[in-house]
Amino acid sequence: MDNKEQYKVRKEPFYQAQRNEVALYEAAYAARLPVMVKGPTGCGKSRFIEYMAWKLNKPLITVACNEDMTASDLVGRYLLDAGGTRWLDGPLTTAARIGAICYLDEVVEARQDTTVVIHPLTDHRRTLPLDKKGELIKAHPDFQLVISYNPGYQSLMKDLKQSTKQRFTAFEFDYPEASVEAGILSKEADIDPGLAGQLVKIGQAARNLKGHGLDEGISTRLLVYAATLIKGGVEPRDACRMALVRPITDDADIRDTLDHAIDTTFA
């Protein structure tokens, strides 16, 4: 297996389109435009990118960004070994060389001085300078850069600079409509549509509390977790408390409110 093939998405990921985002992404990829995907936690951003990589039959290299990530973590560094030093490409450099989709997940978690290294890849230059190596990489014709982040966690200290934002086309994701979300749960966890609808009802109740005690509502991902537990034989109320309530809040009043919603739903 060559370097490109190991990054291919072999099996079709399940993704339920909400609008025309698939066609729009295909148009962006055809022009090799960089893409920004915005939306709340667990709403399907990463699944969408994985699905598009599969649909386009392109390799996908994903980087989970964090505050300790340096530019060298993205582009590469020299390593010491028995024979002296050798250069090791980082994930961004690898993607640019082989023509992969490079997906920087939750990019605002990275330091701003780190994300600046992506700028030359997002305009007409499509280049990546490796200063430590004295090399200028011309991106492969198939290369595309994709970033994602959650605007709900924006702050003055954690936000993208305008000079970065305005290098990207953008998609704005949200949690699906109730009927669509219920269909996703039914498919993902192989549960009855009626049960899926009950779980979605609880999720919507929690989302109504966003800004009133909750920083973020219950994600579609957590609803799938609850459905999976129930499918595995866990009692629905226990599964919901474990997967939907305890992970998102330590506030006793909010917890009691959501527990009551669960008890009402599964009375």
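A compact table of results
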{"item": "Added length on full extension, which subtracts the Cα-Cα distance from 0.36 nm per residue, ASN3 to ALA170", "result": "57.2 nm"}
{"item": "The stretch 33-127, Rg to Rh (Cα coordinates; Rh as Kirkwood inverse mean 1/r)", "result": "1.00"}
{"item": "Calculated FRET value between LYS161 and ASP192, using beta carbons and R₀ = 41 Å, to 0.05", "result": "0.30"}
{"item": "Dmax and Rg, reported as Rg then Dmax, of the stretch 110-267 (C-alpha, Å)", "result": "21.2, 67"}
{"item": "Projected area averaged over orientations for the stretch 178-265, convex hull of C-alpha atoms, nm²", "result": "4.9 nm²"}
{"item": "Spin-label proximity, LYS133 to the stretch 68-83 - amide N less than 13 Å from point 7 Å beyond Cα toward beta carbon", "result": "72-79"}
{"item": "Efficiency of FRET between PHE14 and GLN204 - r from beta-carbon atoms, R0 25 angstrom, step 0.05", "result": "0.70"}
{"item": "Rotationally averaged projected area of the stretch 27-88 (alpha carbon convex hull; nm²)", "result": "6.7 nm²"}
{"item": "Beta bridges per DSSP with both ends in the chain, % antiparallel, nearest 5", "result": "35 percent"}
{"item": "Kirkwood Rh, Cα atoms: Rg over Rh of the chain", "result": "1.03"}
{"item": "Degrees, to the nearest 10: 220-231 long Cα axis against longest axis of the chain", "result": "60 degrees"}
{"item": "TRP87-ASP251 FRET efficiency (beta carbon distance; Förster radius 45 Å; 0.05 resolution)", "result": "0.35"}
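Laboratory data are not the source of any read-out in this text; all were calculated from the coordinates shown. It should be emphasised that the depicted structure is a prediction, and the values quoted were computed from it without experimental measurement. No Cβ is skipped: glycine too gets one built from the backbone with ideal geometry, and neighbour counts run over all protein chains shown.
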